[in-house]
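One structure is given here, and the rest of the page talks about it.
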Amino acid sequence: GKQDMTYVNNTHTMRVTRSLAMSSELSGAMICVRGAAVGKMIMLPSDKRMIVGRDSSVCNYAVSGLKVSRKHLEITYIGALNKYRVVDYSSNGTFVGNHERLKKNYEYYLEPRTELKLGNSENIYKLK
(Lines give C-alpha, C1' and ligand atoms only; values in the text may rest on other atoms or scores of the structure.)
Protein backbone atom coordinates (compact mmCIF):
# COMPACT_ATOMS: atom_id res chain seq x y z
CA GLY A 1 0.00 0.00 0.00
CA LYS A 2 0.92 3.59 0.60
CA GLN A 3 3.54 2.90 3.23
CA ASP A 4 5.83 1.05 0.79
CA MET A 5 5.97 4.08 -1.49
CA THR A 6 6.93 6.38 1.37
CA TYR A 7 9.72 4.00 2.32
CA VAL A 8 11.05 3.77 -1.24
CA ASN A 9 10.87 7.53 -1.57
CA ASN A 10 12.82 8.12 1.61
CA THR A 11 15.64 5.73 0.80
CA HIS A 12 15.90 7.19 -2.71
CA THR A 13 15.98 10.77 -1.38
CA MET A 14 18.57 9.78 1.19
CA ARG A 15 20.73 8.15 -1.47
CA VAL A 16 20.58 11.22 -3.73
CA THR A 17 21.34 13.54 -0.82
CA ARG A 18 24.29 11.40 0.25
CA SER A 19 25.80 11.28 -3.25
CA LEU A 20 25.38 15.05 -3.60
CA ALA A 21 27.10 15.58 -0.27
CA MET A 22 29.92 13.29 -1.31
CA SER A 23 30.45 14.98 -4.66
CA SER A 24 30.57 18.43 -3.05
CA GLU A 25 33.27 17.20 -0.67
CA LEU A 26 35.39 16.21 -3.63
CA SER A 27 37.77 19.04 -4.03
CA GLY A 28 41.49 19.17 -4.45
CA ALA A 29 43.87 21.97 -3.69
CA MET A 30 47.32 23.22 -4.50
CA ILE A 31 49.46 24.71 -1.77
CA CYS A 32 52.25 27.17 -2.41
CA VAL A 33 55.39 25.75 -0.78
CA ARG A 34 57.75 28.29 -2.33
CA GLY A 35 57.22 31.74 -3.79
CA ALA A 36 55.47 35.01 -2.97
CA ALA A 37 52.28 33.21 -1.90
CA VAL A 38 53.98 30.61 0.32
CA GLY A 39 51.53 28.86 2.62
CA LYS A 40 48.53 29.86 0.54
CA MET A 41 46.11 27.14 -0.47
CA ILE A 42 44.11 27.33 -3.69
CA MET A 43 40.96 25.23 -3.57
CA LEU A 44 40.25 23.22 -6.71
CA PRO A 45 36.60 22.13 -6.83
CA SER A 46 36.15 18.83 -8.63
CA ASP A 47 35.94 19.03 -12.44
CA LYS A 48 36.34 22.80 -12.55
CA ARG A 49 39.08 24.01 -14.90
CA MET A 50 41.43 26.54 -13.31
CA ILE A 51 43.90 28.64 -15.27
CA VAL A 52 47.06 29.65 -13.44
CA GLY A 53 49.47 32.33 -14.65
CA ARG A 54 50.77 35.86 -14.36
CA ASP A 55 47.92 37.65 -16.11
CA SER A 56 44.87 37.90 -13.85
CA SER A 57 42.66 38.88 -16.81
CA VAL A 58 43.01 35.40 -18.34
CA CYS A 59 43.60 33.38 -15.16
CA ASN A 60 41.53 32.21 -12.21
CA TYR A 61 44.64 32.41 -10.07
CA ALA A 62 47.51 34.83 -10.61
CA VAL A 63 51.09 33.92 -9.72
CA SER A 64 53.86 36.48 -9.94
CA GLY A 65 57.34 35.54 -11.11
CA LEU A 66 59.73 36.32 -13.94
CA LYS A 67 59.49 32.82 -15.38
CA VAL A 68 55.71 32.50 -15.00
CA SER A 69 53.83 32.88 -18.29
CA ARG A 70 50.75 35.08 -18.66
CA LYS A 71 48.75 31.87 -19.07
CA HIS A 72 51.00 29.25 -17.54
CA LEU A 73 48.94 26.15 -16.97
CA GLU A 74 45.48 24.71 -16.62
CA ILE A 75 44.67 22.42 -13.72
CA THR A 76 41.52 20.43 -13.05
CA TYR A 77 40.98 18.23 -10.02
CA ILE A 78 39.19 15.04 -11.13
CA GLY A 79 37.44 13.95 -7.94
CA ALA A 80 36.26 10.61 -9.29
CA LEU A 81 39.88 9.60 -9.98
CA ASN A 82 41.52 11.61 -7.19
CA LYS A 83 43.98 12.91 -9.77
CA TYR A 84 44.88 16.31 -11.16
CA ARG A 85 44.72 16.93 -14.90
CA VAL A 86 47.41 19.45 -15.79
CA VAL A 87 48.10 21.07 -19.17
CA ASP A 88 51.14 23.31 -19.58
CA TYR A 89 50.85 26.37 -21.86
CA SER A 90 53.97 28.19 -20.76
CA SER A 91 57.16 29.24 -22.50
CA ASN A 92 59.43 28.43 -19.55
CA GLY A 93 57.74 25.17 -18.68
CA THR A 94 56.05 23.41 -15.80
CA PHE A 95 58.17 20.84 -14.03
CA VAL A 96 57.15 17.97 -11.78
CA GLY A 97 59.10 16.18 -9.11
CA ASN A 98 62.74 15.87 -10.14
CA HIS A 99 62.76 18.50 -12.88
CA GLU A 100 60.76 16.48 -15.41
CA ARG A 101 59.31 19.02 -17.82
CA LEU A 102 55.73 18.55 -18.95
CA LYS A 103 55.21 18.55 -22.71
CA LYS A 104 53.35 21.67 -23.79
CA ASN A 105 49.60 21.37 -24.57
CA TYR A 106 49.61 17.77 -23.40
CA GLU A 107 47.29 16.35 -20.72
CA TYR A 108 48.92 14.82 -17.67
CA TYR A 109 47.10 13.09 -14.85
CA LEU A 110 49.10 13.73 -11.71
CA GLU A 111 48.83 12.10 -8.32
CA PRO A 112 48.15 14.03 -5.11
CA ARG A 113 51.34 15.25 -3.36
CA THR A 114 53.05 15.95 -6.69
CA GLU A 115 55.10 19.15 -6.68
CA LEU A 116 54.76 21.55 -9.61
CA LYS A 117 57.45 24.10 -10.40
CA LEU A 118 56.24 27.04 -12.48
CA GLY A 119 59.05 28.11 -14.83
CA ASN A 120 61.76 27.59 -12.22
CA SER A 121 62.17 26.81 -8.53
CA GLU A 122 60.94 30.30 -7.58
CA ASN A 123 57.31 29.12 -7.50
CA ILE A 124 56.53 25.63 -6.27
CA TYR A 125 53.04 24.31 -5.64
CA LYS A 126 52.19 20.98 -4.05
CA LEU A 127 49.01 19.16 -5.05
CA LYS A 128 47.01 18.21 -1.99
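Here the spin labels are modelled as points 7 Å beyond Cα on the Cα-Cβ line, and at Lys71 and Asn98 they lie 3.4 nm apart. Of the solvent-accessible surface of the stretch 39-120, computed with a 1.4 Å probe over protein heavy atoms with every protein chain present, carbon and sulfur atoms account for 47 percent.
Let me check I've understood the local charge: for Lys126, count other residues with C-beta under 13 angstrom from its C-beta, Lys and Arg +1, Asp and Glu -1. What total comes out?
Values: positive: Arg34, Lys40, Arg113, Lys117, Lys128; negative: Glu111, Glu115.
Computed value for this residue: +3.
Within straight-line reach of Lys126, meaning a Cα separation under 23 Å, sit the following lysines at least 8 residues removed in sequence or on another chain: Lys40, Lys48, Lys67, Lys71, Lys83, Lys103, Lys104, Lys117. Zone of Val58 (label point 7 Å along Cα→Cβ, backbone N under 11 Å): which residues in the stretch 90-108? Of the residues in the stretch 90-108, 90-91 have backbone N under 11 Å from the label point off Val58.
Counting only heavy atoms of protein chains, what accessible area per residue, in Å², does the stretch 34-120 have with a probe of 1.4 Å? Present the calculation step by step, with values, prior to reporting the outcome.
Working: 4800 Å² over 87 residues.
On a per-residue basis, the stretch 34-120 sits at 55 Å².
Note down the net charge around Ala36, summing +1 for each Lys or Arg and -1 for each Asp or Glu among other residues with Cβ under 12 Å from its Cβ. Its environment carries a net charge of +2.
Amide H contacts for His72 (H built 1.01 Å from N in the peptide plane; partners 5 or more residues away or on another chain; cut-off under 5 Å): Val52, Gly53, Arg54. Using a Förster distance of 22 angstrom, determine the FRET efficiency expected from the C-beta separation of Arg49 and Lys128, and round it to 0.05. After rounding, the FRET efficiency stands at 0.80. Protein-only accessible surface at a 1.4 angstrom probe places the residues Tyr125, Tyr61 in the order Tyr61, Tyr125, largest first. Per-residue accessible area (protein heavy atoms, 1.4 Å probe) orders Asp88, Asp47, Asp55 as Asp47, Asp55, Asp88, starting from the largest.
Rank these by accessible area, largest first, 1.4 Å probe: Tyr77, Tyr106. Display every interim value, and only then the final one.
Working: Tyr77 15, Tyr106 110 Å².
Ranked list, largest accessible area first: Tyr106, Tyr77.
The values are calculated or read from the model by the stated rules, or taken from the named source; none is laboratory data. Predicted model, so just to flag it, every value in this text is computed and none were measured. In this analysis, Cβ positions are derived from the backbone assuming ideal geometry, glycine residues included, and neighbour counts consider all displayed protein chains. Protein only, heavy atoms only, side chains kept; ligands, DNA and RNA dropped before computing areas. Shrake-Rupley method; radii C 1.70, N 1.55, O 1.52, S 1.80 Å.
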